[in-house]
Amino acid sequence: MSESQSRYSIVERLTETKLGIIQAKSQLDEEVKIKEQSVEQLKKDLLDWNSEVSQETERTKKQKQREIERAEIVHNNSKERKNAKEKAFDEKLKAIDEALKRIEEISKTSPTINQ
């Protein structure tokens with residue numbers, strides 16, 4: 001009887017050891033699977049980040065282009081106002097020059113009254 005108990009206990013220990021090894025092997029597979037999922041998630045996060053950065057860059061680029069367009073409009077309006085004001089000033093200067101010329105002509109033809 002003792003021999004069968006001894007065999008039984010050996011078989012029981014070997015079976016427990018075998019189950020432990022199988023469980024440890026299964027845990028290895030699970031650990032690898034978890035690491036693989038982590039890698040895949042990081043890759044997905046990178047793709048999402050790249051997409052977000054690309055979209056943000058495009059939005060920023062469009063915003064900068066609109067700012068440039070607005071600045072160009074303001075600049076062109078300023079140039080037009082400057083030209084219009086210069087033209088008005090030139091007309092006033094011309095009118096003043098003509099008035100001065102007439103006064104000079106009148107002065108030449110009119111006798112000066114001395115008192």
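The values are calculated or read from the model by the stated rules, or taken from the named source; none is laboratory data. As the structure is a prediction and not an experimental result, all values here were calculated from the model. Glycine gets a Cβ as well: all are built from the backbone with ideal geometry, and neighbour counts include every protein chain shown.
Here are the numbers for this structure:
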| read-out | value |
| --- | --- |
| Any hit, the range 26-33, residues being in a helix (DSSP H, G or I), among the polar types (S, T, N, Q) and at pLDDT 95 or above | no |
| Criterion: among the polar types (S, T, N, Q), part of a helix (DSSP H, G or I) and more than 31 Å from the chain's Cα centre (by Cα) - qualifying residue of ASN83, ASN76 | ASN83 |
| SER6 being surrounded by 10 or more Cβ atoms within 10 Å (Cβ to Cβ) and free of Cβ contacts under 8 Å to residues at least 40 places away in the same chain | yes |
